[in-house]
Structure formats: structure tokens, C-alpha cells
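The block underneath contains the structure these notes are about, expressed in C-alpha cells.
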Amino acid sequence: MPNTTHMHIPSNRVRDIERYFHTELAGPYPDQEIGAFVDILFEAYLGWNKAQLLLHRDDTINQSDLLRFHWAAEYLKQYRPIQYIVGYTDFCGLRLHVEPGVLIPRPETEEMVNHLKQTTHPATILDLCTGSGCIALALAAHFGDAEVVGVDISPQALAIAEANAAANRLQVTFVQCDILHQEPTLPHSTFDLIVSNPPYVCDSERASMSPNVLDHEPSLALFVPDDDPLRFYRAIGQYALRHLSHDGVLVLEINERLGNETCLLLQQLGFATTLHRDFRNKYRSITAQYLTLNS
């Protein structure tokens, strides 16, 4: 736990706990985000939804639970992500365990997965750089008969992904491999859908990132060197050339600043590409198909 000289939350009444969070976190966070933190913590610690929280605002909680709220406030002051504090996040209708060894799934990734649900019908799916398993598991839940494989370099991430699969009663095969330097040994030689959200943040972009990401989320899952920012896309594209099935689709989340460059790299490999914007109107994903597969 962090070292702190701050006083404990002075009251165990619910409305006073809420007020404490809004007062103590007013500098680092906007008021609306603090309200969201409070909602998440009351659900995580007491099982209350927003309506129940309103009904219980004049109630008191026990000292043990009060201490949990105190430490949550202290961690938030250190910019620890709320998902790491409560130990989970929700993604495409699934509750997934997350901790500092895996990247916290983003709304942009959820949007990409929802697009895949509507536009593809794969029997075999490969998720490269799977992390918490969020993409693989969401697709396994939607395409119930599909065989899904997730690959990651990190044993810690794979352990978390496997636990998430078990907790959600989903069947996904997870394989450890460094896709930059190895060819993974997988249960299928070809896949109808290869999808990836690989590391794509340039080292030079660190200075513009918020401390909740920079200080707490795994660098291995985020950063690439400025002199070769598309290294994962090159490796994944080359792998997809050999392992996409007939009419198979490659879908990649990308750095918003490198959309055209990533498309050009894939086109040079022989893919036809479509660049997609996300809900913030930023370039966020690419759909690619190998031209000769359709000839």
C-alpha cells in the first residue's frame, strides 16, 4: 500500500464518502470522472448499482469496507487505473480480470470487436498479442462454434487470459510466442480471421501520455521504437500471408497517426486495405485481404 500522510475518510456515511472522493480528487480528475470512480467502487465493494447507491446515501458502512475506499482514494491520487484497483473491467459484455501485467482494454478496441461481430463469420480465429484475452474471448463468446486461439509473449498475460476464459466459461487456446522472432505452433495452419491490437505507441509519444497509463500499464504492450514503429504490423502481415484462409480477413488496431503508413506497408505485401475511423473520428483500425485470395 502507498505511503500516505493523508487522514482517513472521516465518516462512514455513504454521502460523506462520496463527498470525500470529490474533494480529495478534485485536482487530478474532472468531477464527472470522479463520479464514475465512486460508482465503480460501490459496485465492486458493496455490489450496489447506481440506483442502489442513491437509495443508500444516508446509510453507513463498516470499518473494513471504509478502509477499502480509503486506499482506493489514495491509489487514485497516485494515478493507478480504477480497473487495477477493483481488479476487473467490462468488455463486450464480459467481466475480465485485469492487473498491471496486462493492458486495460479500451473502448476503441471494443468498437473494433463489435464491427467484427457484424461483418465477419469466421470458423477459425487467431488473436495475436492477446494480452488479457479480451478480443479472443469476446469473439469466442459471439461466434460460439468458432475455434479461437490467442498468442502473446508474456506468460503473466497468458495466465490472466486463461483465468478470464475459465471465469467466463469460454474455450480459447492460448499459446506463448514472440511473434516478432518466432512462428507460433498452433492447432490450425490457416485462419478465417486474424486480428491484433499490437504495441503501436512510439517511444516519443510517452511525454504526451497520462500518468495512469505511463506509470502503471505494461510498457511491453504499449511501446515501439521510433525508428521502426510498424515492426509488429510487418511481422503480422507477413504471417497472415502464409496463414489466412481463402477469403480470410486480417484486422488490426493501429496508431491513429500512422494509418496511411500502415496501409502502405500492407499494400506492399499484397493486401487490399480499408482504413476505419473510430467513434472519436480518429484512424483506429485496418481491414486487409490478400488480393490473390479472391482471384
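Could you tell me which of the residues L252, L170 is aliphatic (A, V, I, L, M) and not in a strand (DSSP E or B)?
Among L252, L170, only L170 is aliphatic (A, V, I, L, M) and not in a strand (DSSP E or B).
Please go through region 187-235 and pick out each residue that is assigned to a loop (DSSP other than H, G, I, E, B) and more than 18 Å from the chain's Cα centre (by Cα).
So the first thing to find is which residues in region 187-235 are assigned to a loop (DSSP other than H, G, I, E, B), and the list is 187-190, 197-200, 209-210, 215-218, 222, 225-230.
If the condition is that a residue be assigned to a loop (DSSP other than H, G, I, E, B) and more than 18 Å from the chain's Cα centre (by Cα), then P187, H188, S189, T190, P225, D226, D227, D228, P229, L230 are the ones that fit.
Residue-by-condition table, conditions (1) over 23 Å from L170 (Cβ atoms); (2) outside the structural domain of S154 (by TED's automatic domain parsing):
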{"position": "D39", "(1), (2)": "yes, yes"}
{"position": "R68", "(1), (2)": "yes, yes"}
{"position": "G87", "(1), (2)": "no, yes"}
{"position": "R106", "(1), (2)": "no, no"}
{"position": "N114", "(1), (2)": "no, no"}
{"position": "K117", "(1), (2)": "no, no"}
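For N281, work out the one condition from (1) surrounded by 16 or more Cβ atoms within 10 Å (Cβ to Cβ); (2) assigned to a loop (DSSP other than H, G, I, E, B); (3) of a type outside the set (S, T, Y) it doesn't fulfil.
(1)
Enumerate the pairs (first residue in region 79-91 and within 17 Å of L25 (Cα to Cα); second residue anywhere and part of a helix (DSSP H, G or I)) with beta-carbon separation below 6 Å, excluding pairs fewer than 6 apart on the same chain, so at least 6 apart or on different chains.
Y79/P211; Y79/N212; P81/N212; I82/F37; I82/I40; I85/A72; I85/Y75
When residues of region 236-246 are filtered for being touching a helix residue (DSSP H, G or I) at 6+ places or on another chain (Cβ under 6 Å) and in a strand (DSSP E or B), how many remain?
Qualifying residue count for the region: 1.
Quick grid of which residues meet (1) in contact with a helix residue (DSSP H, G or I) (Cβ under 6 Å, 6 or more places away or on another chain); (2) in contact (Cβ under 8 Å) with a residue 24 or more places away in the chain; (3) assigned to a strand (DSSP E or B); (4) of a type in the set (G, A, S):
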{"site": "R15", "(1), (2), (3), (4)": "no, yes, no, no"}
{"site": "H22", "(1), (2), (3), (4)": "yes, no, no, no"}
{"site": "V38", "(1), (2), (3), (4)": "yes, no, no, no"}
{"site": "L53", "(1), (2), (3), (4)": "yes, yes, no, no"}
{"site": "T109", "(1), (2), (3), (4)": "no, yes, no, no"}
{"site": "M112", "(1), (2), (3), (4)": "no, yes, no, no"}
{"site": "L116", "(1), (2), (3), (4)": "no, yes, no, no"}
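Can you report the number of residues in region 155-169 which are free of Cβ contacts under 8 Å to residues at least 60 places away in the same chain and buried (at least 17 other Cβ atoms within 10 Å of the Cβ)?
Matching residues across region 155-169 total 3.
A quick yes/no check of all residues on (1) modelled with pLDDT of 95 or more; (2) farther than 21 Å from C134 by Cα:
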| position | (1), (2) |
| --- | --- |
| I194 | yes, no |
| N197 | yes, no |
| R206 | no, yes |
| P211 | no, yes |
| S219 | no, no |
| D227 | yes, yes |
| R234 | yes, yes |
| Y239 | yes, yes |
| H246 | no, yes |
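Return yes when D152 is under 16 Å from the mean Cα position of the chain (by Cα), free of Cβ contacts under 8 Å to residues at least 60 places away in the same chain, closer than 25 Å to D215 by Cβ and crowded, with 16+ Cβ neighbours inside 10 Å and no when it is not.
Numbers: under 16 Å from the mean Cα position of the chain (by Cα): yes; free of Cβ contacts under 8 Å to residues at least 60 places away in the same chain: yes; closer than 25 Å to D215 by Cβ: yes; crowded, with 16+ Cβ neighbours inside 10 Å: yes.
Yes; evaluated as a whole, the condition is true for this residue.
For G131, are the conditions met, namely being farther than 26 Å from Y283 by Cα and not in a strand (DSSP E or B)? Break it down into steps so the answer makes sense when it comes.
Details: farther than 26 Å from Y283 by Cα: no; not in a strand (DSSP E or B): yes.
No: the conditions fail for G131.
The values are calculated or read from the model by the stated rules, or taken from the named source; none is laboratory data. As the structure is a prediction and not an experimental result, all values here were calculated from the model. As a convention, Cβ positions derive from the backbone with ideal geometry for all residues, glycine included, and neighbour counts pool all protein chains shown.
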